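The values are calculated or read from the model by the stated rules, or taken from the named source; none is laboratory data. As the structure is a computational prediction, the values presented were derived from the model and not from experiment. All Cβ positions, glycine included, derive from the backbone under ideal geometry; neighbour counts span all protein chains shown.
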Amino acid sequence: MTEADALRPRDELPAAERALVVVDGAERWVDAKAIESVGYTLIDLRDAWTPSIFAEEHTPEGVPLPNRYRRVFIGLANDQLDSDGEPLEPGEKNYLELYGVFPALSVMRARFLQDEAQPCHDQESVTVLQAVETVSYVAPKDVRKVEQRVARFAKNLEIERKRAKVASLQELVALKPGLQAQLEAVEKRAAEKAALAAVERRLTCEQLLSRESKHVPGVYDEPMRLAVRRFQQKHMIYEANFLRRRTVQALARPLLDNDYDALVRVLRERVIDGAGVIEDGTGSNKTFPARNLADEYTQTAIAQLGLSDASSALAFFQRRSPADFQTLRAAVKLPARPEYYAPHMDLSIVVDRGDVWYDLPFDAEGNFRNRARSRYPSLTLFVTHNEQRIPLARWRTTIGGWRAEQATDGYEYFRYKASDVGPRVIRQVISGPVWIAPTSTPIRSLVKAKTVNNSWTKIVNYDELGPGYLSAYGLVAGYFVTPGRDGRPDWDNGVRAHGSSDYLSIYSVNGYSHGCHRLPNHIAIRLYSFILKHRNKQVLGDQPMGFTRQFLQNDTVFEIKIPSRGYAYALDPPLPVSVLEGTIKGAQKQPITGYVPNPKIVYPGPPPAASNSPEAKAGGAEVVN
């Protein structure tokens with residue numbers, strides 16, 4: 001079949017058999033199989049789409065192997081379910097891009113249409129927001145003190161201006177440079193107050209700051225912090241929940257421009273998954289300049305589909321109903337993949353631990369001491385082709401560090417949670433993994449509060465245990481093991497490279513894990529989806545386990561029930577992994593293996609012996625044989 005034949009309009013085909021293409025600026029329905037056969041790539045725009053790790057798999061005999069978490073993932077993306085898999089409250093939105101769950105296309109459609117009708121954007125707010133880079137955080141209890149201090153400065157400046165007989169405060173400062181700091185404080189506070197008022201208007205209009213939230217105007221209180229966090233989640237902004245540069249810049253932009261950026265992010269994940277590529281420009285070195293196939297292919301798809309800006313995207317959504325996204329697929333012609341691509345690629349992973357500190361993280365009084373690092377941990381995916389080792393992507397990750405841990409005496413101590421060094425392999429990849437909390441896990445982390453049947457109550461914190469985007473292992477995990485020899489099973493020391501919602505632990509200067517190598521959920525999804533597409537594998541499917549455990553908090557008994565370890569894939573052969581030692585900093589050259597008392601806690605006696613089992617080291621991971 002020729003490309004011209006495949007591009008022939010086929011409006012009569014059932015919706016499930018068609019694909020959308022744009023020819024000479026006009027949309028056209030074509031035969032999906034035919035267009036794919038001539039080198040086009042199908043991009044799944046259906047609301048039921050999931051990344052490959054949650055795809056509907058079958059045995060070689062065609063028997064379905066259902067993935068338990070697939071239903072929840074789709075429900076989250078469509079604003080239908082919450083993190084526990086329960087129906088979302090009417091009108092609620094999930095905003096889970098930061099956690100690896102991108103909104104469905106019908107959700108994006110609703111967002112575009114709503115924001116076009118209610119723009120929430122005015123030039124006055126833009127002007128005052130662009131006048132500041134950040135808005136300094138002032139604790140609610142300190143607002144009055146700060147206002148009084150700035151008022152004193154303003155009063156003093158005005159007195160001095162009159163005394164100097166000049167027309168402006170700028171002229172005054174030119175005559176008396178010693179007053180410059182006072183003037184800067186007054187102007188900074190005035191600019192930031194105006195900016196905060198603009199933020200309040202914008203967040204209220206976007207329905208992120210409720211008028212019933214008890215927010216105090218002009219104060220960065222808890223309702224404001226939560227609203228800013230929602231805004232950051234909606235627009236995938238990796239910042240602490242304050243008004244810092246990227247957040248302020250996004251607040252100054254038109255809603256549809258922000259929506260368009262979100263649509264590009266949505267399409268990027270679907271293009272990457274559909275094309276089966278991983279290169280995102282992060283793998284560059286002197287020998288191999290990195291190609292950014294993620295952006296290159298996404299921009300190619302956007303251009304071919306006529307979605308070049310916010311107005312064209314709005315028109316695209318205006319032409320469609322929500323029902324269209326039950327079946328919609330698009331076809332695009334992407335540039336050729338690099339020559340090293342193959343059904344089975346010689347892939348490997350290297351984890352560089354960067355600068356490593358084993359020294360205690362506090363002084364004799366128990367005050368935290370920040371250990372400076374110039375080199376942070378990284379995880380690099382390589383392909384070996386024609387005897388050359390080519391880096392495909394490199395991402396910031398985590399290694400273990402000092403963590404709080406509950407000992408058998410019921411008290412919390414510090415303990416160094418080390419990351420293994422040396423050769424390992426990934427034999428199993430688990431989508432929707434769970435974390436089995438060991439008895440050393442502080443009980444407070446195993447319980448959360450939630451509204452159930454209109455009543456605020458405490459329940460088991462499955463957000464932490466999984467499966468789910470907030471769980472300790474995120475949405476997908478690769479299990480690092482030392483291969484068994486002479487008939488012995490693999491040795492699993494509990495270290496994983498896995499997704500995580502705790503993105504600040506990955507990007508923060510003080511970010512550490514319990515020993516595992518964390519990646520943002522969407523990066524972990526890309527990594528393992530790519531590996532599973534380009535390695536020989538066996539789909540093992542759901543792994544039942546029937547785990548139960550009871551624990552007591554205060555006077556309430558809680559019961560953990562975990563029916564499955566997750567959905568397993570076996571790599572054959574396993575994927576080679578090398579964990580580099582990194583650079584050991586400080587006086588302590590070996591990790592301390594036992595419990596270390598917190599100087600701020602009074603203990604009844606010496607610390608008990610610490611378990612060195614894989615489960616304890618991993619923070620509760622079960623051993624894989």
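Annotations for the structure displayed:
- Which listed residue is modelled with pLDDT of 95 or more, surrounded by 12 or more Cβ atoms within 10 Å (Cβ to Cβ) and not basic (Lys, Arg), from GLU160, GLU200: GLU200
- ARG189 vs. criteria surrounded by 17 or more Cβ atoms within 10 Å (Cβ to Cβ) and in contact (Cβ under 8 Å) with a residue 24 or more places away in the chain: yes
- When each of SER106, SER125 is tested for being at pLDDT below 95, assigned to a helix (DSSP H, G or I) and within 30 Å of PHE316 (Cβ to Cβ), the lone residue that passes is SER125.
One line per residue, one yes/no per condition, for (1) in contact with a Ser or Thr (Cβ under 9 Å, 6 or more places away or on another chain); (2) of a type in the set (Lys, Arg); (3) surrounded by fewer than 17 Cβ atoms within 10 Å (Cβ to Cβ):
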residue	(1), (2), (3)
LYS214	no, yes, yes
PRO217	no, no, yes
MET236	no, no, no
ALA252	yes, no, no
ASP261	no, no, yes
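This table checks each residue for (1) under 30 Å from THR287 (Cα atoms); (2) in contact with a strand residue (DSSP E or B) (Cβ under 7 Å, 6 or more places away or on another chain).
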{"site": "LEU381", "(1), (2)": "yes, yes"}
{"site": "GLN388", "(1), (2)": "yes, no"}
{"site": "ALA407", "(1), (2)": "no, yes"}
{"site": "ARG415", "(1), (2)": "no, yes"}
{"site": "ILE430", "(1), (2)": "no, yes"}
{"site": "ILE436", "(1), (2)": "no, yes"}
{"site": "THR439", "(1), (2)": "no, no"}
{"site": "ARG444", "(1), (2)": "no, no"}
{"site": "LEU465", "(1), (2)": "no, yes"}
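- Taken over segment 302-342, residues that are in contact (Cβ under 8 Å) with a residue 24 or more places away in the chain, of a type in the set (A, V, I, L, M, F, W, C) and closer than 24 Å to PRO254 by Cα amount to 7.
- Filter pass, LEU203 being under 37 Å from the mean Cα position of the chain (by Cα), in the same structural domain as ALA131 (by TED's automatic domain parsing) and not charged (D, E, K, R): yes
- Qualifying residue in segment 395-403 (condition: without any contact (Cβ under 8 Å) to a residue 60 or more places away in the chain, at negative phi and not assigned by TED's automatic domain parsing to the domain that holds ARG291): no
- Unmet criterion (only one of (1) at pLDDT 95 or above; (2) touching an Asp or Glu at 6+ places or on another chain (Cβ under 9 Å)) for PHE547: (1)
- Among the residues listed as ILE430, ILE436, the single one being modelled with pLDDT under 90 and either closer than 22 Å to VAL577 by Cβ or not polar (S, T, N, Q) (or both): ILE436
- Residue in segment 498-508 that is in a loop (DSSP other than H, G, I, E, B) and either under 16 Å from VAL421 (Cβ atoms) or in the same structural domain as ARG229 (by TED's automatic domain parsing) (or both) present: no
- Evaluation of THR134 against (1) surrounded by fewer than 14 Cβ atoms within 10 Å (Cβ to Cβ); (2) outside the structural domain of TRP49 (by TED's automatic domain parsing) (one fails), failing number: (1)
- Segment 420-460, residues that are part of a loop (DSSP other than H, G, I, E, B), at positive phi and in contact (Cβ under 8 Å) with a residue 12 or more places away in the chain: GLY432
- Enumeration of residues in segment 461-497 that are among the polar types (S, T, N, Q) and either touching a Cys at 6+ places or on another chain (Cβ under 6 Å) or not in a strand (DSSP E or B) (or both): ASN461, SER471, ASN493
- Among all residues of segment 218-237, there is none that is part of a helix (DSSP H, G or I), of a type in the set (A, V, I, L, M) and more than 24 Å from ALA250 (Cα to Cα).
- Looking only at residues in segment 171-180 that are surrounded by 11 or more Cβ atoms within 10 Å (Cβ to Cβ) and not in a loop (DSSP other than H, G, I, E, B), the one that is nearest to the chain's Cα centre (by Cα) is GLN180.
- LYS93 satisfies every condition listed in (1) of a type in the set (Lys, Arg); (2) over 25 Å from the mean Cα position of the chain (by Cα); (3) not in a helix (DSSP H, G or I) except (2).
- Those strands (runs of 3 or more DSSP E) lying entirely in segment 242-357 with at least 3 residues in contact with a Phe, Trp or Tyr (Cβ under 9 Å, 6 or more places away or on another chain) and at pLDDT 95 or above: 347-352
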